[in-house]
Amino acid sequence: MTVEVLEDMWSEALGNRRDVYVYLPPGYHPARGPYPVLYLHDGQHMFASAGPAPSWRLDETLDDLISRGSVPPLVAVGVANAGADRGAEYSHEIPFPRDPASSPARGRLYETFLIDELIPLVRQRYSVTSDPAATAVMGSSMGGLVSYHLAFGRPEVFGLAAIMSPFFVSIDPVTLAKTPVHRIFDRRGPDRIWIDMGGMEGLITVEPVLELVQHLVTELGYTPDDDLRYRYDPEGRHHEDVWAERARSAVLHLFGAGGPAEPTVAPGPDGNLALGIGQLIDASPLGRRADGCTYSILTAQVDWRPERLLKRVGGAFLAAAAAGDGEIVARVGSHTVTTGVIVTSGEAQPALDVTVVVPLDTPLDASVSFSGLPTQHIRPGLHHGHWPLPRGVGLDGTVGLGWRGAGLDANGVPVRHPLRHDAARRIVVRVERWTNPDHGGL
């Protein structure tokens, strides 16, 4: 395995420079091509052997999958983000909500750079295919958003797409007003799609992803668990470590040979599933193909009792309808998974009150967040936040400084107070010191 770095590549369309990281598989030789190719956003965080931490460690994952024969040898191209311009470049439809109001969306310019400038250069320098059936685009968060728009807007280039933890809807942490930032396409796009989401990603919530999956199946004719695979990870955070784990299954779905028609079905969660009235849930059981691809089985037959407790939104997607206890039963072939469920009434938007004690040398104008939620500076060493949040939202409990700084405890371990927000609460979090931030973000 080799990762080559094309430094300071200039873009005429965008008027800026960035590094591009190119993974070459073991035994790469131009005469053995053309190779399948995977284009990745936030490229500086893709490969353990090149670029800063945190990393998806995708070079290690690809080495392992290729050595096992699970996927063919392929080339992966990690396109570094543009730092402060990242949100704008990954936005096609509306300006990035966290940018100043005067900042335009630059997604179409980024698309021009990728397709008209970078891809021709990659094809010239490396033996990679131009066949869309073996060309993938992949990214997470805002990178998931731009991957979605690229794959559905340019399926003649990208016939494969992995859309991970996509930032589809911006939710104002004060008013909870929702602003969709993605387009709903009315025609099929790529041939194969992987889409996933975690349950501890704060205000980047699963609901827009579930709605898109339903649209892809019912309106655009994608076949669930076949050309479309979806994964819901209830404990998944918005972080590279989590995307590193799920990327393995995404690559297997896009480039692998597949597996048996009936995958191994994992047992349900321990204990009962706690829900608030109106909360949307995914009752799909988890399946694992013989090659290791792990995904939520959308074609499972899902029932529940008592009937009044829940209502079906579509497929295995349910919403809590009435208070009480019951169970959900999911069936896949000869497998049955039963999960206890408790639905409670209460505030739809209980308040979360957080006090963050920070080092006294923290800059007074520093942006300090709790689980991605912005806090207010009260006085040196003290920040505070108070937010009414949707019932059931999962928060990873991390404390951030700017785009990439992370709060550490006295032992140098990242501060984490994960919680499932199901009732009003107050918490105090203490940060002893900060990591050094680098480019990154949503």
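Odds and ends about this structure:
- Cβ-Cβ under 9 Å pairs, at least 6 apart or on other chains, segment 37-61 side in the same structural domain as residue 90 (by TED's automatic domain parsing) and surrounded by fewer than 24 Cβ atoms within 10 Å (Cβ to Cβ), far side part of a loop (DSSP other than H, G, I, E, B) and of a type in the set (Phe, Trp, Tyr): 48/56
- Which listed residue, of 53, 88, is more than 23 Å from residue 180 (Cα to Cα) and in contact with a helix residue (DSSP H, G or I) (Cβ under 9 Å, 6 or more places away or on another chain): 53
- Test: residue in segment 151-170 that is among the aliphatic types (A, V, I, L, M), under 23 Å from residue 388 (Cα atoms) and without any contact (Cβ under 8 Å) to a residue 40 or more places away in the chain: yes
- Among the residues listed as 38, 62, the single one being of a type in the set (A, V, I, L, M), assigned to a strand (DSSP E or B) and out of contact with any Phe, Trp or Tyr (no Cβ under 6 Å at 6 or more places or on another chain): 38
- Of residues in segment 346-366 being within 25 Å of residue 211 (Cβ to Cβ) and small (Gly, Ala, Ser), the one surrounded by the most Cβ atoms within 10 Å (Cβ to Cβ): 348
- Some residue of segment 315-325 being buried (at least 16 other Cβ atoms within 10 Å of the Cβ), over 28 Å from the mean Cα position of the chain (by Cα), in a strand (DSSP E or B) and in contact (Cβ under 8 Å) with a residue 24 or more places away in the chain: no
- Residue in segment 178-189 that is closer than 18 Å to residue 236 by Cα and outside the structural domain of residue 320 (by TED's automatic domain parsing) present: no
- Apart from one condition, residue 123 fits all of (1) touching an Asp or Glu at 6+ places or on another chain (Cβ under 9 Å); (2) of a type in the set (Lys, Arg); (3) without any contact (Cβ under 8 Å) to a residue 40 or more places away in the chain; the exception is (1).
- Pairs with Cβ under 9 Å, 6+ apart, first in segment 340-360 and at positive phi and in the same structural domain as residue 380 (by TED's automatic domain parsing), second surrounded by fewer than 19 Cβ atoms within 10 Å (Cβ to Cβ) and part of a strand (DSSP E or B): none
- Enumeration of residues in segment 326-367 that are in a loop (DSSP other than H, G, I, E, B), over 30 Å from residue 223 (Cα atoms) and among the small types (Gly, Ala, Ser): 345, 346, 348, 366, 367
The values are calculated or read from the model by the stated rules, or taken from the named source; none is laboratory data. Because the structure is a prediction, the values reported are computed rather than measured. Neighbour counts run over all protein chains shown; Cβ positions are idealised from the backbone, glycine included.
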